[in-house]
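S.K.: First, the structure itself, so that you have it in front of you.
The values are calculated or read from the model by the stated rules, or taken from the named source; none is laboratory data. Since we're looking at a predicted model, the values are computed, not measured. As a convention, Cβ positions derive from the backbone with ideal geometry for all residues, glycine included, and neighbour counts pool all protein chains shown.
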Amino acid sequence: MPGITRQKHTEIQAAAALLIAAAAALLPHLTPEAKRSILVGLYKQLAADQGISGQAARRHIYSRLHPDRKPPNGWGGRR
């Protein structure tokens, strides 16, 4: 399965940024359960709009919410 292009990645990140901007004011004031529900909705919306998997949508949303966060073992996963 081929990967996505840099242009498509940029489009997905821009779409994720728009979704986050719409919910950013609410998220800090919500209970954990309500926040989780909002985030699940954002994941599903991004996945449907961009034609990507739910897991990819979650990664894009998470990376926009936490730009300084890096994986504990670096990039690339397990080998």
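S.K.: With the requirement that a residue be within 15 Å of R58 (Cα to Cα) and of a type in the set (S, T, N, Q), what does region 1-27 give you?
M.R.: Scanning region 1-27 gives a single hit, Q13.
S.K.: For region 39-49, does any single residue satisfy the condition of being crowded, with 18+ Cβ neighbours inside 10 Å, without any contact (Cβ under 8 Å) to a residue 40 or more places away in the chain, of a type outside the set (F, W, Y) and more than 22 Å from T5 (Cα to Cα)? Outline the logic, then answer.
M.R.: First pass over region 39-49, keeping only residues crowded, with 18+ Cβ neighbours inside 10 Å: 39, 42-43, 46-47.
When the remaining residues are screened for being without any contact (Cβ under 8 Å) to a residue 40 or more places away in the chain, the result is 39, 42-43, 46-47.
After this cut, where a residue has to be of a type outside the set (F, W, Y) as well, the list is 39, 42, 46-47.
Adding the requirement that they be more than 22 Å from T5 (Cα to Cα) leaves 39, 42.
So far as region 39-49 goes, yes, one or more of its residues are crowded, with 18+ Cβ neighbours inside 10 Å, without any contact (Cβ under 8 Å) to a residue 40 or more places away in the chain, of a type outside the set (F, W, Y) and more than 22 Å from T5 (Cα to Cα).
S.K.: Would it be correct to say that L27 is surrounded by 12 or more Cβ atoms within 10 Å (Cβ to Cβ) and modelled with pLDDT of 90 or more? So that I can check it myself, show each step before the final result.
M.R.: Values: surrounded by 12 or more Cβ atoms within 10 Å (Cβ to Cβ): yes; modelled with pLDDT of 90 or more: no.
Here the answer is no, as L27 does not meet what is asked.
S.K.: Quick one: what pairs do we get from region 53-72, first residue modelled with pLDDT of 85 or more, second charged (D, E, K, R), C-beta under 8 Å, 6+ apart or different chains?
M.R.: G54/K44; A57/K44; Y62/R69; S63/R69
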